[in-house]
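The values are calculated or read from the model by the stated rules, or taken from the named source; none is laboratory data. Everything numeric in this text was worked out from a predicted model, so none of it was measured. Cβ coordinates were reconstructed from backbone atoms using ideal geometry, including for glycine residues, and neighbour counts include every protein chain displayed.
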Amino acid sequence: MKSEQLCKLVINALEDVKAKNIVMLDVRKLTSVTDYMVVASGTSNRHVKALSDAVADKAREAGHRPSGVEGEEGSEWVLLDLQDVLVHVMLPRVREFYNLEKLWSLSPASDLAVKDR
């Protein structure tokens with residue numbers, strides 16, 4: 001399964017469990033760690049956990065076992081590492097504080113103009 005297909009699978013799993021504000025970030029030009037990041041919000045700790053469980057289950061069914069899952073205990077921010085796709089499921093206040101969409105939409109350092117001091 002290509003990374004684009006895996007990303008669609010993740011988004012469909014999140015939509016099935018009513019995730020809020022799903023955003024897909026193509027980070028292939030910014031990092032070699034992953035191809036895509038998907039960020040979504042849950043309405044409560046229990047919803048965040050249910051969303052991350054749904055994504056993990058769908059990924060396993062498709063033959064993509066998560067290589068890591070972090071944050072399930074508190075379920076304010078759960079990170080699922082599916083190698084080509086990193087999935088961040090957060091409570092809205094946590095998402096607003098870290099603002100990953102803005103962080104990962106920056107241009108690579110090589111594209112930025114740097115001023116001499």
Point to revise | Test result for Ala40, under 14 Å from the mean Cα position of the chain (by Cα), surrounded by 13 or more Cβ atoms within 10 Å (Cβ to Cβ), closer than 11 Å to Met90 by Cα and modelled with pLDDT of 90 or more | key: yes
Exercise for review: Would you mind stating whether Glu61 is surrounded by fewer than 16 Cβ atoms within 10 Å (Cβ to Cβ), within 19 Å of Leu25 (Cβ to Cβ) and at pLDDT 90 or above?
Suggested key: no
Practice item. Among the residues of segment 21-37, write down those that are surrounded by 14 or more Cβ atoms within 10 Å (Cβ to Cβ) and more than 13 Å from the chain's Cα centre (by Cα). Key: Leu30
Check your understanding: What about Glu72, is it among the charged types (D, E, K, R) and out of contact with any Lys or Arg (no Cβ under 9 Å at 6 or more places or on another chain)?
Key -> no
Review point. Quick one: how many residues across segment 44-88 are under 17 Å from Lys2 (Cβ atoms) and polar (S, T, N, Q)?
Key: 1
Point to revise | Members of segment 1-20 that are of a type in the set (Gly, Ala, Ser) and buried (at least 19 other Cβ atoms within 10 Å of the Cβ) | key: Ala13, Ala19
Exercise for review: Restricting attention to segment 50-68, report how many residues are within 14 Å of the chain's Cα centre (by Cα) and over 10 Å from Leu82 (Cβ atoms).
Suggested key: 4
Point to revise | Qualifying residue in segment 56-65 (condition: under 17 Å from Val89 (Cα atoms), of a type outside the set (A, V, I, L, M) and touching a strand residue (DSSP E or B) at 6+ places or on another chain (Cβ under 8 Å)) | key: no
Check your understanding: Of the residues that make up segment 85-107, is at least one surrounded by 14 or more Cβ atoms within 10 Å (Cβ to Cβ), in contact with a Gly (Cβ under 9 Å, 6 or more places away or on another chain) and at pLDDT below 95?
Key -> no
Practice item. Please go through segment 1-20 and pick out each residue that is over 13 Å from the mean Cα position of the chain (by Cα) and either hydrophobic (A, V, I, L, M, F, W, C) or on the phi > 0 side of the Ramachandran plot (or both). Key: Met1, Val17, Lys18
